[in-house]
1. Checking A:T70 against (1) among the hydroxyl-bearing types (S, T, Y); (2) in contact with a His (Cβ under 8 Å, 6 or more places away or on another chain); (3) open to solvent by 20 Å² or more (accessible area, probe 1.4 Å), which single condition isn't satisfied?
2. Under the condition of being free of Cβ contacts under 8 Å to residues at least 60 places away in the same chain and touching a Gly at 6+ places or on another chain (Cβ under 8 Å), which residue from the range A:446-466 is farthest from B:A474 (Cα to Cα)?
3. Those residues that are within 13 Å of chain A (Cβ to nearest Cβ) and over 11 Å from A:L25 (Cα atoms), I need them from the range B:333-353; list them, please.
4. Inspect all residues belonging to the range B:493-511 and state whether any of them is open to solvent by 50 Å² or more (accessible area, probe 1.4 Å), over 23 Å from B:S444 (Cβ atoms) and assigned by the TED database to the domain that holds B:H446.
5. Just name the residue that is surrounded by the fewest Cβ atoms within 10 Å (Cβ to Cβ) out of those in the range A:436-452 that are more than 10 Å from every other protein chain (Cβ to nearest Cβ) and assigned to a loop (DSSP other than H, G, I, E, B).
6. Yes or no: B:S507 in contact (Cβ under 8 Å) with a residue 12 or more places away in the chain, of a type in the set (S, T, Y) and within 14 Å of chain A (Cβ to nearest Cβ)?
Protein chains: 2
Amino acid sequence: MDSRTVGILGGGQLGRMLVEAAHRLNLQTVILDAPKSSAKQINALHAHIDGSFSDPKAIQKLAEECDVLTVEIEHVDTKALEELEASSKVEVQPSWKTIRTIQDKYVQKSHLASNGVATAESLSVESNTSARLEDIGRKFGYPYMLKSRTLAYDGRGNYVVSGPESISDALEALKDRPLYAEKWASFSKELAVMVVRRMDGVCISYPTVETVHEENICKLVYAPAPVSGVIQEKARKLAEKAVESLWGAGVFGVEMFLLEDGELLINELAPRPHNSGHYTIDACPTSQYEAHLRAILGLPLHAHSTSLATPSTHAIMLNILGPSYDTVARKALEIKGATVHLYGKGQAKIGRKMGHVTVVAGSIAEAEYQIQPLINAADAYKMSPAEQAKVSFAATYSSPPKCPSARDPIVSIIMGSDSDLPVMKAGAEILKKFGVECEVTIVSAHRTPDRMATFARNARARGLKAIIAGAGGAAHLPGMVAAMVTLPVIGVPVKGSTLDGVDSLHSIVQMPRGVPVATVAINNSTNAALLALRIVSAENSPLGREIRNKLDKYVSDMESEVMAKVERLESGGWEAYTVKK
Amino acid sequence: MDSRTVGILGGGQLGRMLVEAAHRLNLQTVILDAPKSSAKQINALHAHIDGSFSDPKAIQKLAEECDVLTVEIEHVDTKALEELEASSKVEVQPSWKTIRTIQDKYVQKSHLASNGVATAESLSVESNTSARLEDIGRKFGYPYMLKSRTLAYDGRGNYVVSGPESISDALEALKDRPLYAEKWASFSKELAVMVVRRMDGVCISYPTVETVHEENICKLVYAPAPVSGVIQEKARKLAEKAVESLWGAGVFGVEMFLLEDGELLINELAPRPHNSGHYTIDACPTSQYEAHLRAILGLPLHAHSTSLATPSTHAIMLNILGPSYDTVARKALEIKGATVHLYGKGQAKIGRKMGHVTVVAGSIAEAEYQIQPLINAADAYKMSPAEQAKVSFAATYSSPPKCPSARDPIVSIIMGSDSDLPVMKAGAEILKKFGVECEVTIVSAHRTPDRMATFARNARARGLKAIIAGAGGAAHLPGMVAAMVTLPVIGVPVKGSTLDGVDSLHSIVQMPRGVPVATVAINNSTNAALLALRIVSAENSPLGREIRNKLDKYVSDMESEVMAKVERLESGGWEAYTVKK
């Protein structure tokens, strides 16, 4: 396949999964890291290098065995890499310049900002003093994030400065580190995209995913992210823009914040395979690990595609950490669609990533159902205060305050074609009037059957409570969606230019036993929206009660309106009554 | 996960893929085979055993390092395994008894026959003489298969005795081997099922696949096999019955012949992972390799499922052999949905399995489209006669004569419910009258949406040329199938108990621009069948011409029928004319 030997700086789990991918392509790898590290265990073809990836001499030794050097961690000695690249003895991918830019998070942010890539506003701290931090507080307001510029990961080296009173604690926690400050980003979700950058700078991406963190460590990854297609696409473009601004080839992990107003900001980049891309091993034709190897060696990567997503990629990844990892892994063997990946690591210290499980399913909803027992098993292991004290980094971070979750839609109005919008928008107006979040989009059963299936299969996972589907003509959309998800589906027959909408009505209403569609009158999307509201109102929750009250008021307003007419008609007499349109 | 060490007899590609799966579960493995063999390359955690899996001393040495012994090849010394199992020093899975039964193909066949498992009729040769082979010829007729009882694989050790005149050549080719004879099985396809046998004897299976051989070596595997669901299920049951008759745990490859009359016969068993199950790595949640490890260690395997199939498993596997392997592997990097697996083997001798490629797609049709360039690349490398002479086993086998392919349906009549059958069977009768193979089945858009999608997506790959879909009421089936496959779809509105079938007619006929359904009159499945025949007749092929002639005759018969009435009416006068029902 390729006779060049790849040297990998770092032999942790990312290195191990790189080696696994390399074996499948008969590619030679040599690892630099501590003896018996994860990646070394699975390659008996070479004598590996024992030592540190931040030691120039060890890197030099590795370079002598290899043709191409790459990294599975960014905390490496980039001077050694710079010299090696200059000497032309060995290729370095991605470039040392990229690794150095990313290594220092403040330099990284400045680089992104100067390339017009949206990222949180940052200030260099320069001198670690209270005066400087107070100064930043005046500029950014509180809370703001104080972060170590280097060697920070999994929340280690981050501190939330919640107000002037917490400045001294923050300085105490991070005093010996080079620092910078970041303006607070009030996000509703964290998203990530794995981007593959080819030798020629062209970028292609895996799907946008959502990452869920717990105690600053990635816990879950949802692929694709349960956000609208518009946001998924926006995230992909932003990630690619960021990676296009760098140098050299490889995969890049791009972490982003989805703000409450729908805007996206880059959080940080990783110049290597990333935790948020583990799921690609099981859910994509080519994993991020193989993609990285192909990119750094200039091997082809599906030359004819513009994306590495497949319509059937629905996966959830769960990291398994610390002492309970084996219990969770064993439990996963009983779960349909689950694949276990353990890393061959030694001591299962608290918070240490020992492996992960990916559940692949026909939909995110199904994956959520399958993975829940595993999340329960992982959560069952709670840290006692004594155990928490053992965690060396526990003092250096503090969880950010809980942000309100994004106001996700609870009702979806879908229609087969934009020509249905004039009919359907009356329903959207009703929902808006009731203050209920809804989305309005086009899903065509006949022209986008896969999109329809994805929509229906994901509807529950996305938090939808009812679906209003408008369709004209053969009008298959409501019935097909109802066949694929057991949420209440409300069908609105849309009157076409022929047959007066009777065609659509029959198509929607004449469903077989077992698959109901709540059909309303032809063109009557108002009633569809009201029916959706009645469904939501049935729920015993603050929202349910709120809607119930509003519906009661709506009904009584209607009644008042009619009663006013009753009075006018009865008092004035029918002869004098003029019907007001 | 499990602290026991697994010893593997054999370190070829099957062993390598077992080790890969073991690493993901932190399971320890030790390999017995030649130095640097495929499997050893990817495990640096242990010193492996250099030696032969047929050498009792080497097996003894391996046993000292392990808790459980298993095999990746059946040609091992079973006496050594028997003694080890008896000594209770180590567990042997599957049992030596299973391996010994399978090792000798005549014993294997006798075992299956005595357990009531359908297999080709076999006779032991006993003395390798012309007289005995002539005797067998009189019993079995010609051709029959002469096979080596032991150490035969990939066609090595098989000889087709085409008539009495070829007996001396057959004896010459196989003279030094213990032989048996098999009655000729005139098969239309070769199928295979991977069965997992748990410790408790319970069997669960992967989907039924079709294997395609070229020069007696497996070339392609189609998963699932393009045969009807009824045959898939029958194959699964037969395979499980065969494996249930054995002893111990592990995965088993079960190869079968699908005869022209639809019957199935077991060809042979393998007590280990099998070439026909490679695709499970990429297309199933748990690969055959991991399933084998879980079975032999008694670890859970999706305790709640009865099958390892997923509805979205659609894959084709191509073995890549000999000197051209690297060319084909590199080409595969450009193919959407393709995953390359190379085995780290040394010299790429002709016919040697160097790796495989699996293409996973949304349907078999799509997988076929994607993999075709790779098959072309593999086929482009043709053996010259000089090269053929180099192949040591070329003299010992002969390709079986080509069998006619199964009479697969070319028209499918589907309906949403069995209540549509009285209407739809008229169409089936027309097709039968025309001698056109058709299938008649139930596919419900609303009650079996996944089955419908699978049906539609596979329709082209299965060789269908037209689909007749009958449906009543909301009648979504024809339109949805037309949305998912670009074959001509003919819709038959079925009159229900209300609305006189107008509902179905509207639902079927009012399709949007871009997705046509050829709609015929309410309840008129006869016309639907005739339309399908017209479609087939448009094809420039022997079948097309045959149908064209029959259609012409059908039309002229209709004409004659009417003309007879014309004559009777005109000659007898309208007053005397009685309408015959």
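1. A:T70 satisfies every listed condition except (3).
2. A:R447
3. Selection gives B:E334, B:I335, B:K336, B:G337, B:A338, B:K345, B:G346, B:A348.
4. no
5. Taking the range A:436-452 first, the residues more than 10 Å from every other protein chain (Cβ to nearest Cβ) are A:436-443, A:451.
Now narrow it down to the ones that are assigned to a loop (DSSP other than H, G, I, E, B): A:436-437, A:443.
On the way: A:V436: 21, A:E437: 13, A:V443: 24.
Only one residue fits best here, namely A:E437.
6. Judged against the criteria, B:S507 is a match.
For (1) open to solvent by 20 Å² or more (accessible area, probe 1.4 Å); (2) facing another protein chain (nearest Cβ under 9 Å); (3) in contact with a Gly (Cβ under 9 Å, 6 or more places away or on another chain), each residue gets a yes or a no:
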{"residue": "A:F434", "(1), (2), (3)": "no, no, no"}
{"residue": "A:I468", "(1), (2), (3)": "no, no, yes"}
{"residue": "A:G473", "(1), (2), (3)": "no, yes, yes"}
{"residue": "A:H476", "(1), (2), (3)": "no, yes, yes"}
{"residue": "A:L487", "(1), (2), (3)": "no, no, no"}
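Residues checked against (1) at pLDDT 90 or above; (2) within 29 Å of A:P285 (Cα to Cα); (3) over 17 Å from the mean Cα position of the chain (by Cα):
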position: B:K353; (1), (2), (3): yes, yes, yes
position: B:I364; (1), (2), (3): no, yes, no
position: B:A380; (1), (2), (3): no, yes, yes
position: B:A389; (1), (2), (3): no, no, yes
position: B:P400; (1), (2), (3): no, no, yes
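The values are calculated or read from the model by the stated rules, or taken from the named source; none is laboratory data. Computed from a prediction, not measured in an experiment: that's the story for all the values here. When we count neighbours, we look across all protein chains shown, and the Cβ atoms used for this are built from the backbone with ideal geometry, even at glycine. In case anyone asks, the SASA skips ligands and DNA or RNA and just uses the protein heavy atoms, side chains included. Shrake-Rupley method; radii C 1.70, N 1.55, O 1.52, S 1.80 Å.
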